[in-house]
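Trainee: Questions regarding the structure given below will be posed in turn.
The values are calculated or read from the model by the stated rules, or taken from the named source; none is laboratory data. Keep in mind that this is a model prediction, so the values were computed, not measured. Every residue, glycine among them, receives a Cβ derived from its backbone with ideal geometry; neighbour counts consider all protein chains shown. SASA here: full protein model, heavy atoms, side chains in, ligands and nucleic acids out. Shrake-Rupley method; radii C 1.70, N 1.55, O 1.52, S 1.80 Å.
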Amino acid sequence: MRGTGSRRRRAAIAGSALWLLGAGCASDGPDPWEPMNRGLFAFNEAADQYLLEPVAKGWDFVLPDFAQTGLDNFFTNLGAPVEILNNFLQGEIKEGYLHTWRFLLNSTAGVAGFVDVASMAGWPSYPEDFGLTLGTWGVPNGPYLVLPIFGASTVRDTVGIGVDAVATPYGYFVPIYVTVAARATDLLNTRAIFIEEIAQSREEAFDFYVFVRSAYLQNRAARLSGTLTGRARQGVVTPSTESEEDLYYFDDFDDELEEEEDEPPGD
Amino acid sequence: MERASKGNGDPGNGGTDRSVVRFAQVGCLLAALLVPPGAAQAADAPANSAREVVEEALSQVIEILNESGSSEDSRRDRIADIAYARFDFDTMSKLVIARPWRKFTKEQRSDFIAEFKTHLARSYGRRLSRYEGVNVKVTSEVKEQRGDVTVNSQVVGGQFDGAVMSYRMRGKTGQWLVIDVIIEGVSLVSNFRSQFKPIVAQGGADELLSRLKDKNDVLRAEIEEDESVTTPVSDGSGS
């Protein structure tokens, strides 16, 4: 029950995920485990709709927006050391250095992180995690994977979650229930912040599972390539789900369209 | 900046939620913004660069978004007009459907273009109050290999502070039109394509069209409901 025990367990989970990564490389397509993933996705959706969302609604009702933002800032700041570590592991020395100062500033002037003074001063932070670090080292995504509670991921990013958890310093100093409570609070608070957006996306999507998968994979690819931060990473191949060519060009095809007006009858 | 940029601050909880949500939320906002490229004014000025087109449209949309006093309904309509003038819905539709487009009849194609346009307007035009206090600054312009230009922008202020939005522009008949909007790295075209592909593969164009129409009806009902909640007496909305 103590920190170390659960930590070992987490390491074991990370280990088996690594094994899966090896296994995953052989399979084809971005989502070879779709049937299983859909099952887990349905479970998460149910858990969200019956448990998390209702509680988050109450939370949202009780807690004013500025308090939610403050808490959000606090948890983000709490995660900074691990992000800084990842900056350095990715070879981004300057980023790591700036991130460190950011953390120190927010932890002090920002009242333990509740106020994001650094951002107010126009000093942006870019999220990092070990999944991205593995990506910069050239480790492929492996298959898409839906985790219980954690949601959308890939085999690589799952390993990243495990490693980041082990690397989080606080876990070694506080009892496990504090860590769990903190994580749960963070999750709840985040969920409360996005109540409307999630409800709307669910309603609008033609297939919410596919919507989430597509958004997750594309967002991760963009973060990995550095396009979101304006500092393209050298030598990182964007593992985009589609090539740019596939996505945007149908030139040859366009020409045909003009003549093909009266096609074979549609079904 | 923080909220928008910290997608995975906490690797444990809510991280994944957040990136997706960000797309969704930003999606909305960007949709509104996304909606923006161009606009009537831009059309008058010949030979605008892609970046200028986006900048101009964005500033018009933002002005409307931050306007207080006029009804949400009227603001939405005006934003839609701006978007309609600068989005190339024909090309977007083609890209979203991709290969199966060949098998669509002429009628199915025009139906799809019309419904898809309606879908974008309805899904992105909802609850404009979310974008209060939002500004967007164009950050860079990137020439793509085959002539397209990607205009990058970032949201400043408001709920989606820091979110990165890009417009993929294609020059057509002397003007730049938007063919895709990419929010936090998530391409709208690609996202819709992945959702539509299995529907078309299984049920063909007709199935997709009927699903799209149904969805649009649902959205219209939702918008009316939102409206009745937010603006008790909406001036001449409805029909």
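Trainee: For the stretch B:138-155, what are the residues that are open to solvent by 60 Å² or more (accessible area, probe 1.4 Å) and within 12 Å of chain A (Cβ to nearest Cβ)?
Mentor: Residues satisfying the conditions are B:Thr139, B:Val142, B:Gln145, B:Arg146.
Trainee: Looking only at residues that are within 9 Å of chain B (Cβ to nearest Cβ) and either over 21 Å from A:Val163 (Cα atoms) or of a type in the set (D, E, K, R) (or both) in the stretch A:66-86, which one is surrounded by the fewest Cβ atoms within 10 Å (Cβ to Cβ)?
Mentor: Narrowing the stretch A:66-86 to residues within 9 Å of chain B (Cβ to nearest Cβ): A:69, A:72-73, A:75-80, A:82-83.
From the residues that got through so far, the ones that are either over 21 Å from A:Val163 (Cα atoms) or of a type in the set (D, E, K, R) (or both) too are A:69, A:72-73, A:83.
Numbers: A:Thr69: 19, A:Asp72: 25, A:Asn73: 25, A:Glu83: 28.
The selected residue is A:Thr69.
Trainee: Still on this structure, please answer the following. Within the stretch A:207-217, take every residue that is open to solvent by less than 20 Å² (accessible area, probe 1.4 Å) and facing chain B (nearest Cβ under 7 Å) and give me the one that is farthest from the chain's Cα centre (by Cα).
Mentor: A:Val210
Trainee: Follow-up. Please verify whether the stretch A:190-210 includes one or more residues that are among the aliphatic types (A, V, I, L, M), closer than 30 Å to B:Val142 by Cβ and assigned to a helix (DSSP H, G or I).
Mentor: So the first thing to find is which residues in the stretch A:190-210 are among the aliphatic types (A, V, I, L, M), and the list is A:192-193, A:195, A:198-199, A:205, A:210.
Still in the list and also closer than 30 Å to B:Val142 by Cβ: A:205, A:210.
Subsequent filtering for residues that are assigned to a helix (DSSP H, G or I) retains A:210.
There is at least one residue in the stretch A:190-210 that is among the aliphatic types (A, V, I, L, M), closer than 30 Å to B:Val142 by Cβ and assigned to a helix (DSSP H, G or I).
Trainee: Please go through (1) among the aliphatic types (A, V, I, L, M); (2) at pLDDT below 85; (3) touching a Phe, Trp or Tyr at 6+ places or on another chain (Cβ under 7 Å) for B:Leu128 and return the number of the only condition it doesn't satisfy.
Mentor: The one condition B:Leu128 does not meet is (3).
Trainee: Give the stretch A:101-159 a look and list any residue that's aliphatic (A, V, I, L, M), buried (at least 21 other Cβ atoms within 10 Å of the Cβ) and under 13 Å from the mean Cα position of the chain (by Cα), or say none. First the steps, then the outcome.
Mentor: If we filter the stretch A:101-159 for residues that are aliphatic (A, V, I, L, M), which is where we start, we get A:104-105, A:109, A:111-112, A:115, A:117-118, A:120-121, A:132, A:134, A:139, A:145-147, A:149, A:152, A:155, A:159.
Next, from what is left, pick out any that are buried (at least 21 other Cβ atoms within 10 Å of the Cβ): A:118, A:132, A:134, A:145-146, A:152, A:155, A:159.
Hits for the stretch A:101-159 are A:Leu132, A:Leu145, A:Val146, A:Ala152, A:Val155, A:Val159.
Trainee: Let me ask another. Among the residues of the stretch B:80-102, count how many are within 8 Å of chain A (Cβ to nearest Cβ) and either under 26 Å from B:Val54 (Cβ atoms) or in contact with a Pro (Cβ under 7 Å, 6 or more places away or on another chain) (or both).
Mentor: 3
Trainee: If you go through the stretch A:187-197 one residue at a time, do you hit one that is within 29 Å of B:Gln154 (Cα to Cα), surrounded by fewer than 19 Cβ atoms within 10 Å (Cβ to Cβ) and out of contact with any helix residue (DSSP H, G or I) (no Cβ under 7 Å at 6 or more places or on another chain)?
Mentor: The answer is yes, given that some residue of the stretch A:187-197 is within 29 Å of B:Gln154 (Cα to Cα), surrounded by fewer than 19 Cβ atoms within 10 Å (Cβ to Cβ) and out of contact with any helix residue (DSSP H, G or I) (no Cβ under 7 Å at 6 or more places or on another chain).
Trainee: Please find, among A:Leu63, A:Leu89, the residue that is away from every other protein chain (no Cβ under 11 Å), hydrophobic (A, V, I, L, M, F, W, C) and open to solvent by less than 60 Å² (accessible area, probe 1.4 Å).
Mentor: Numbers: A:Leu89 fails: open to solvent by less than 60 Å² (accessible area, probe 1.4 Å).
Of the residues listed, the single one that is away from every other protein chain (no Cβ under 11 Å), hydrophobic (A, V, I, L, M, F, W, C) and open to solvent by less than 60 Å² (accessible area, probe 1.4 Å) is A:Leu63.
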